[in-house]
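Heads up, the thing below is written out as structure tokens.
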Amino acid sequence: MAKKATYHERVFEVTQLIPFGRVSTYGAIADYLALGSARMVGWALRNSMESMHVPAHRVVNRKGELSGRHGFPSPTMMQELLEGEGIEIKNDQVVNFKDLFWHPAEGLED
């Protein structure tokens, strides 16, 4: 029998779907998974820092702010990773957040 994915594994799977150059939110991931809260998604992603396979830098708060930046090895790393994908950051916030926002349900569209 296959092992059921843990909550953290499910968060990691959704986060890996976020396209390069786009961002999602803790709340959108929590809503998509239909369990837990935005805060729980944040805790899960904070535990993903050991794995570079989870692009946790692409997850911001509902206002587009880099609220998770202190969970990275340096407080500027999240911004640097996003800027490396062409995302403009000003005052710890994603510029054009609404245009760059990606909802996990988009990954299911044909």
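What to note about this one:
- Selection within segment 38-68 - surrounded by 19 or more Cβ atoms within 10 Å (Cβ to Cβ), more than 16 Å from residue 12 (Cβ to Cβ) and not polar (S, T, N, Q): 60, 64, 66
- Residue in segment 16-30 that is modelled with pLDDT of 95 or more and touching an Asp or Glu at 6+ places or on another chain (Cβ under 6 Å) present: yes
- Criterion (within 22 Å of residue 6 (Cα to Cα) and out of contact with any helix residue (DSSP H, G or I) (no Cβ under 6 Å at 6 or more places or on another chain)) met by exactly one of 46, 39: 39
- Segment 61-94: number of residues that are touching a Gly at 6+ places or on another chain (Cβ under 7 Å) and either among the hydroxyl-bearing types (Ser, Thr, Tyr) or touching a residue at least 24 places away in the same chain (Cβ under 8 Å) (or both): 7
- Subset of segment 43-93 [farther than 20 Å from residue 19 by Cα and of a type in the set (Asp, Glu)]: 50, 92
The values are calculated or read from the model by the stated rules, or taken from the named source; none is laboratory data. Because the structure is a prediction, the values reported are computed rather than measured. As a convention, Cβ positions derive from the backbone with ideal geometry for all residues, glycine included, and neighbour counts pool all protein chains shown.
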